[in-house]
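The values are calculated or read from the model by the stated rules, or taken from the named source; none is laboratory data. Just so we're clear, the structure is a prediction, and the values are computed from it rather than from any experiment. Every residue, glycine among them, receives a Cβ derived from its backbone with ideal geometry; neighbour counts consider all protein chains shown.
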Amino acid sequence: MRHQWLSVAVLALSALVLAQGRYQIGTPLTEQEVQQWNIRPSILANGVGLPPGQGTVDEGAKVYTAHCASCHGATGEGGAFTRLVSEPFPITLEVDSVDFAVGNYWPYATTLFDYTRRAMPFATPGILSDSEVYAVVAYILYQNGVTDGSEPMNAQTLPRVQMPARTLLQLDPGTQKRFPWLKLP
Ligand code: HEC
């Protein structure tokens, strides 16, 4: 009988320890906080992993002004930080690397979604909804002249966007190398 009481007491104590967390330091994350940071799985170049939702260029312009313009310039031309919109398309040997941007250097539009959702806005990544990310991606692609803005961006349309820089990934027939003109340090 005494034994039984002891087991019950031990069980109760371990349950209490478990409930308080293994090391009893820190504060458990709320479900909302977990959602904000849990952005896996990554989106593959072909669009596998893109979530539901969609956004238009007009919606994206609003998202951009509110969350991106302070660092990347009023319309993506660059400011405190890197430019997102660039000319000419595509880049050549003469183009300075500060002018590399989405329209002339990024080979896949899907990466823009993945990167933005994962890392931007720089100080508060994760605050945009998936539809807001689609919208701001639609806006940036349109600003770069990559799309005509007539279609909203979503899991079907985004992987179909042909990026001008895609050809940069092809091997140079002469040297069988990528970026044959680029001198690496
Ligand atoms: C507080 C400043 C800040 C804000 C706001 C911000 N960014 Fe950025 N962004 C940065 C910095 C800094 C980098 C470079 C990060 C690095 O190289 O690691 C960057 C890089 C990028 C790049 C990669 C550019 C390239 O070609 O390498 C993209 C795309 C981008 N940001 C999109 C966005 C979008 C979209 C928003 C709004 C939703 C946004 N950013 C808001 C600071 C910011």
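Just to check your reading of the model, which residue among 75, 92, 124 is over 24 Å from residue 165 (Cα atoms) and in a loop (DSSP other than H, G, I, E, B)? Give the steps one after another, and end with the answer.
Working: 75 fails: over 24 Å from residue 165 (Cα atoms); 92 fails: over 24 Å from residue 165 (Cα atoms).
Just a single option satisfies the conditions, and that option is 124.
One residue stands out among those in segment 108-118 that are in contact (Cβ under 8 Å) with a residue 40 or more places away in the chain and assigned to a helix (DSSP H, G or I): the one that is surrounded by the fewest Cβ atoms within 10 Å (Cβ to Cβ), which is 118. From the list 61, 135, the lone residue that is in contact with a helix residue (DSSP H, G or I) (Cβ under 6 Å, 6 or more places away or on another chain), more than 11 Å from the ligand (Cβ to nearest atom) and not aromatic (Phe, Trp, Tyr) is 61. Scanning segment 138-148 for residues that are modelled with pLDDT under 95 and near the ligand (Cβ under 10 Å from one of its atoms) turns up nothing. Only one of the listed residues (60, 103, 55, 73) is surrounded by 14 or more Cβ atoms within 10 Å (Cβ to Cβ), over 18 Å from the mean Cα position of the chain (by Cα) and under 15 Å from residue 139 (Cα atoms). That residue is 73. Filter segment 119-146 down to residues that are under 13 Å from residue 85 (Cα atoms) and of a type in the set (Val, Ile, Thr) and give me whichever is surrounded by the most Cβ atoms within 10 Å (Cβ to Cβ). So, considering only residues that are under 13 Å from residue 85 (Cα atoms) and of a type in the set (Val, Ile, Thr), the one surrounded by the most Cβ atoms within 10 Å (Cβ to Cβ) is 136. Scanning segment 101-112 for residues that are near the ligand (Cβ under 7 Å from one of its atoms) and hydrophobic (A, V, I, L, M, F, W, C) returns 101, 102, 106, 112. The set of residues in segment 80-100 that are near the ligand (Cβ under 9 Å from one of its atoms) and surrounded by fewer than 16 Cβ atoms within 10 Å (Cβ to Cβ) comprises 80, 81, 82.
Every residue, every condition in (1) closer than 20 Å to residue 57 by Cβ; (2) modelled with pLDDT under 90, yes or no:
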residue: 79; (1), (2): no, no
residue: 86; (1), (2): yes, yes
residue: 91; (1), (2): no, yes
residue: 97; (1), (2): no, yes
residue: 110; (1), (2): yes, no
residue: 161; (1), (2): yes, no
residue: 164; (1), (2): yes, yes
